[in-house]
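Q: Would you mind keeping the following structure in view while I ask a few things?
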Amino acid sequence: MMPAVSFSRDPSHGALLGAGLKLISVFCLAAMAACVKYLGGAVPAGQVVFFRGAIALVVIAVFAWRTEGLAVLKTGNWRAHAARSLAGTVSMFCWFISLTLIPLAQMTAITFTIPLFLTILAMVFLREQIHAYRWTALIVGFVGVLIIVGPSLVDGQGSTLGVGIAVVAAVLAAFALMFLRRMSGHEHALTITFYFFVTSSSIALMTAIIAPWPMPTREQWILLGLTGAFGVLGQLTMTYCYRYAEASLVAPLDYATMLFAIAIGYYVFGEVPRVTTWIGAPLVIIAGGIILWREYVNLKRIRSASRLDA
């Protein structure tokens, strides 16, 4: 559930490579979610979060050492890292718990509400102006959400709880993105990612004190390893796809997650999305697309204005 930060674009590579990396990232993150779901309630969420973070920490540290140098991991912005990492960590716990309670496609559809919540948070906390396009997107998006989650509210306790936890995860992920906006101008992507996993692994390890973790079976060890491997590969490819292609090109490919989630949910877990998911998910995706388009238009205006001033 971690957002990417754009690096400077490498002119020697084309948009096709960036799009390819983005699709790899989307698939890996969907596969990671499937591993978490397959583990189910047999392995506590804290144990899953810990192995996800521990594997990522090792890979990112080695990757930073071989590419940018370990100096890139130094920071003096501890408060910003703490706020961003804490929101992201609790969000990850909520995502992993919700995966054990509701279908993969439904959980994925709820993740698309993150831009909607981010728009509201930016309006409230960052005093950003919300104009007609974004208001329209918010209304359309939340109508889609109500269509998706409506049946779950009357299904039973487990389904209702799972949807509620997934929505909380989306809100917290939006908070993490809001903090990230303030950091991305002066903090390296690897630095932000590294300290997020330091935080998530540390908090997850504390849960073992409250409730001792069971010894995983051989199959569970493999799934824990795959969770970490898919997660870190998805993270790195998501980060570096922005080096080769504009964000406006690759960001819409996030919605391919829904296709992967439906396919994995059907073939691995025998889940068939409800009619309400098929109706509501496109509305949420359209709303997110409108917000993304407005962000792109505003960014182009800012760039044009800065060039004229120069």
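The values are calculated or read from the model by the stated rules, or taken from the named source; none is laboratory data. Model, not experiment: these values are computed from the prediction. With ideal geometry, Cβ positions are generated from the backbone for all residues, glycine too; neighbour counts draw on all protein chains shown. The protein model used for the area step is the full one, side chains on, heavy atoms only, and it has no ligands, DNA or RNA in it. Shrake-Rupley method; radii C 1.70, N 1.55, O 1.52, S 1.80 Å.
Q: For segment 163-182, enumerate the residues that are in contact with a Lys or Arg (Cβ under 7 Å, 6 or more places away or on another chain) and surrounded by fewer than 19 Cβ atoms within 10 Å (Cβ to Cβ). Show your work before the answer.
A: Taking segment 163-182 as the starting set, the residues that turn out to be in contact with a Lys or Arg (Cβ under 7 Å, 6 or more places away or on another chain) are 176, 179-180.
Listed by number, the list is empty, since nothing qualifies.
Q: Please work out which residue is nearest to ALA31 (Cα to Cα), limiting yourself to segment 252-276 and to residues that are in contact (Cβ under 8 Å) with a residue 12 or more places away in the chain and not in a helix (DSSP H, G or I).
A: If we filter segment 252-276 for residues that are in contact (Cβ under 8 Å) with a residue 12 or more places away in the chain, which is where we start, we get 252-258, 260-262, 264-265, 268-269, 271, 273-274, 276.
If we keep only those that are not in a helix (DSSP H, G or I) too, we end up with 271, 273-274.
Values: GLU271: 15, PRO273: 18, ARG274: 21 Å.
Out of the qualifying residues, it is GLU271.
Q: Applying the selection to segment 99-136, what residues are under 14 Å from the mean Cα position of the chain (by Cα), under 24 Å from VAL43 (Cβ atoms) and of a type in the set (Ser, Thr, Tyr)?
A: Within segment 99-136, THR108, THR111 qualify.
Q: With ILE148, ILE120, ILE139, ILE130 as the choices, which residue is over 18 Å from ALA33 (Cβ atoms) and either touching a Cys at 6+ places or on another chain (Cβ under 8 Å) or at pLDDT below 85 (or both)? Lay out the reasoning, then the answer.
A: On the way: ILE148 fails: over 18 Å from ALA33 (Cβ atoms); ILE120 fails: either touching a Cys at 6+ places or on another chain (Cβ under 8 Å) or at pLDDT below 85 (or both); ILE139 fails: either touching a Cys at 6+ places or on another chain (Cβ under 8 Å) or at pLDDT below 85 (or both).
Result of the check over ILE148, ILE120, ILE139, ILE130: ILE130.
Q: Still on this structure: Considering only residues that are modelled with pLDDT of 90 or more and of a type in the set (Val, Ile, Thr), look in segment 63-97 and name the one that is farthest from the chain's Cα centre (by Cα).
A: Here the answer is ILE97.
Q: Next question. Listed residues ALA122, ALA64; which is in contact (Cβ under 8 Å) with a residue 60 or more places away in the chain and of a type in the set (A, V, I, L, M)? Outline the logic, then answer.
A: On the way: ALA122 fails: in contact (Cβ under 8 Å) with a residue 60 or more places away in the chain.
Step by step, each of ALA122, ALA64 is checked, and only ALA64 is in contact (Cβ under 8 Å) with a residue 60 or more places away in the chain and of a type in the set (A, V, I, L, M).
Q: Among the residues of segment 197-230, count how many are aromatic (Phe, Trp, Tyr), part of a helix (DSSP H, G or I) and over 12 Å from MET32 (Cα atoms). I'd like the intermediate steps shown before the answer.
A: To start, the set of residues in segment 197-230 that are aromatic (Phe, Trp, Tyr) comprises 197, 213, 221, 230.
Going one step further and asking which of them are part of a helix (DSSP H, G or I), we end up with 197, 221, 230.
Now drop any that are not over 12 Å from MET32 (Cα atoms), which leaves 197, 221.
The qualifying residues number 2.
Q: State all residues of segment 41-60 that are open to solvent by 20 Å² or more (accessible area, probe 1.4 Å) and either free of Cβ contacts under 8 Å to residues at least 40 places away in the same chain or not β-branched (Val, Ile, Thr) (or both); if no residue qualifies, say none. So that I can check it myself, show each step before the final result.
A: The initial filter retains those residues of segment 41-60 that are open to solvent by 20 Å² or more (accessible area, probe 1.4 Å), namely 41-42, 44-45, 50-51, 54-55, 57-59.
Within segment 41-60, GLY41, ALA42, PRO44, ALA45, PHE50, PHE51, ALA54, LEU57, VAL58 qualify.
Q: Those residues that are surrounded by 17 or more Cβ atoms within 10 Å (Cβ to Cβ) and of a type in the set (Val, Ile, Thr), I need them from segment 199-225; list them, please.
A: Passing the criteria: THR199, ILE203, THR207.
Q: Of the numbered conditions (1) modelled with pLDDT of 85 or more; (2) open to solvent by 20 Å² or more (accessible area, probe 1.4 Å); (3) among the hydrophobic types (A, V, I, L, M, F, W, C), PHE125 fails exactly one; give the number of that condition.
A: (1)
Q: State whether the residues of segment 270-282 include one that is at pLDDT 80 or above, aromatic (Phe, Trp, Tyr), under 23 Å from the mean Cα position of the chain (by Cα) and open to solvent by 60 Å² or more (accessible area, probe 1.4 Å).
A: Filtering segment 270-282 down to residues at pLDDT 80 or above leaves 270-282.
Right, trim to aromatic (Phe, Trp, Tyr) and you get 278.
Filter once more, keeping what is under 23 Å from the mean Cα position of the chain (by Cα): 278.
Narrowing further to those that are open to solvent by 60 Å² or more (accessible area, probe 1.4 Å): 278.
Scanning segment 270-282 turns up at least one residue that is at pLDDT 80 or above, aromatic (Phe, Trp, Tyr), under 23 Å from the mean Cα position of the chain (by Cα) and open to solvent by 60 Å² or more (accessible area, probe 1.4 Å).
Q: Here is a follow-up. For ALA105, state whether it is touching a Pro at 6+ places or on another chain (Cβ under 6 Å) and either closer than 17 Å to THR207 by Cβ or open to solvent by less than 20 Å² (accessible area, probe 1.4 Å) (or both).
A: For ALA105, the condition - touching a Pro at 6+ places or on another chain (Cβ under 6 Å) and either closer than 17 Å to THR207 by Cβ or open to solvent by less than 20 Å² (accessible area, probe 1.4 Å) (or both) - is met.
Q: Hey, can you tell me all the residues within segment 111-150 that are under 21 Å from ARG84 (Cβ atoms) and aliphatic (A, V, I, L, M)?
A: Within segment 111-150, ILE114, LEU116, LEU118, ILE120, LEU121, ALA122, MET123, VAL124, LEU126 meet the criteria.
Q: Being surrounded by fewer than 23 Cβ atoms within 10 Å (Cβ to Cβ) and closer than 24 Å to ALA261 by Cα narrows it down to one residue among PHE93, PHE112, PHE63; which is it? Spell out how you get there, then give the answer.
A: Details: PHE112 fails: surrounded by fewer than 23 Cβ atoms within 10 Å (Cβ to Cβ); PHE63 fails: closer than 24 Å to ALA261 by Cα.
So the residue among PHE93, PHE112, PHE63 that is surrounded by fewer than 23 Cβ atoms within 10 Å (Cβ to Cβ) and closer than 24 Å to ALA261 by Cα is PHE93.
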